[in-house]
Every structure is written in structure tokens, then in C-alpha cells.
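Values in this text are rule-based calculations from the coordinates and carry no lab data. Small disclaimer: the values here were computed from a predicted structure and weren't measured. Counting neighbours? That spans all protein chains shown, and the Cβs are built from the backbone with ideal geometry, glycine included.
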Amino acid sequence: MLLSEVSKVRVYALPAGVSGSGKANQLAGSAIVKWNSTYTNMLHQVYVNGRFAGVTVGCTQRMIIVPLPLSQKTAVKIEVFAVDYLNTNTDYSEVIRSEQIQAARIKIEFPMTDELPVDGNLDIYFEDKKLNKATIKIQNEYSEKGGFGLSSFGKSDFGYDGSAAVGFGRGNFGLGGFGFDAELLCWQSEQLKTGTYKFDIRISDSMGNHTDLIETETLTVISPATPAERLTVESFDKNNGKLILKSA
């Protein structure tokens, strides 16, 4: 169970290093996150851009260091939630993720099934414009299909060597995918403007045959805020506690 009644979340970026002159490298790779919470019998989880980044080890802990994405082009969204002991290490990324896409990027993925052609190619379109710069190969090697050799004699595997069963990573140890992740085709768009998008997918083979365009559902994209920088204090109302900042 997640509880969101956490207030006054503050984030302090940690510099990647300090030079001999004392000047800090501003490319922060991690940050200290602090918050206020009235929950005294629960732990707290921290999510960075919707991904599980860390959890406290004690009920009174109100500070944690989490990793940050190195890109400085978009603002980083950090959220803190209270969680009960039984679900301390449960990843709620899918639960808390908004239905609206906050990163201004679209990811399309689906499994490489036996219904797809061995020598197939995949292309993604938006309003008749091809988005992927290079055609996506559905199967990089004939041996990625199960069963007997599916290529010319001597060019494909046989028996268990040709099965490439789901669950075994392909590639050098530690570099191949595992489980159904090893069977996923994945494409991610460039950063998009705020709006609604519907993409078309087309699959073709080496003989020139191709499927009709397959439409995705309508996706809503919200561009993230531009990170604040070069701010100066314009005024401060001590009576009301109101601070006005001005961008240089």
C-alpha cells in the first residue's frame, strides 16, 4: 500500500566532483532527497521519473541519496511515498505512473513471435512520415527461430542449438536478455511536443510483402518543464513569506 501524504520534498543535487580550484562539476549524477512525513510506523520509497530509486531503512529516516539521469535537458520528477513493511521492496512504478506520458517520449515494444517473418523488417510511421532512421530487424539471425534450420543448408542451427527458447539470454554472458525481455522488440521516439499521437507500424519481408498499417492507441504526451537555471532573487516579502525569482 502506498500513501502520498508526504510534504515539503526538497532535492539537493550532488556535484560529480570538485576540481583543484574548488569549482564543482555541475553534472550531477545523484541527489539528496529530504521530506516531511507524519507516518511514524512506515518506511518511505523514492521514485525518480516514475522509476523506483530507493527506500529508507528506518521509520524516522527522512533523507536518502538517489541516482539522477545525467541529461540536463528536461526536469527530473522526484516523488516520495510512505509504504508498509510488507511491501518495502515492492516496485510500484506501474501503479504510480500517470496515464499521460511525462517524459515526452513514446516507447513501442512487442514480443518477437513465430508469426513474424524470419527476415522481417519493422518500420514506424506518424502521419505518413517514417520515424525510425534505420529499419528495425525482427530477427537478427536465423538461429533465433526455434526448431530445425530455417535458412539455407548449413547456415542455421539444429535441435536445441536452434531452439533459442524464451528465458535464455543471447549474446555474451551478462549481455543477452533474459526471460520475455529477450524476446522484445523495442523502439523509443525522440522527444515530442505536447499533444496527442497515434503511430502506424508496418512489417515487411525480403520479398517485398508487407502488412497493412497497424495503428497504436491514441497517446497523450506532455512535455516536461524546462529546468530552472540562472535564477536571481527579485523580491522577498518577509511578512507573507513570498519569494519571487527572476530568470536571467
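May I ask you to compute the full-extension gain from Y12 to S235, defined as 0.36 nm times their residue separation minus their alpha-carbon distance, rounded to one decimal in nm?
Contour length minus Cα-Cα distance gives 78.0 nm.
In terms of modelled amide H atoms, which long-range or inter-chain residues lie less than 5 Å from the amide H of A31?
Close amide H contacts, sequence-distant or interchain: L14, V66, L68.
Please list the non-local residues whose amide H lies under 5 Å from the amide H of H44, H modeled 1.01 Å from N, same-chain partners needing a gap of 5 or more.
Sorted by chain and number, the residues that satisfy this are T56, V83.
Determine, for I32, I203, the number of other Cβ atoms within 10 Å of each Cβ, and report the residues in order from fewest to most.
Ranking I32, I203 by Cβ neighbours within 10 Å, fewest first, gives I32, I203.
Once phi is turned into ³J(HN,Hα) by the Karplus curve 6.51 cos²θ - 1.76 cosθ + 1.60 with θ = phi - 60°, what whole-Hz value does each residue of the range 240-246 show in order, with x for glycine and proline?
Once θ is set to phi - 60°, the couplings for the range 240-246 become 9, x, 9, 10, 10, 9, 10 Hz.
Quick one: Debye curve from the alpha-carbon atoms of the range 2-96 only, equal weights, vacuum; give me log10 I(q)/I(0) at q = 0.18 Å⁻¹ to two decimals.
The Debye formula, applied to the Cα set alone, gives -0.80.
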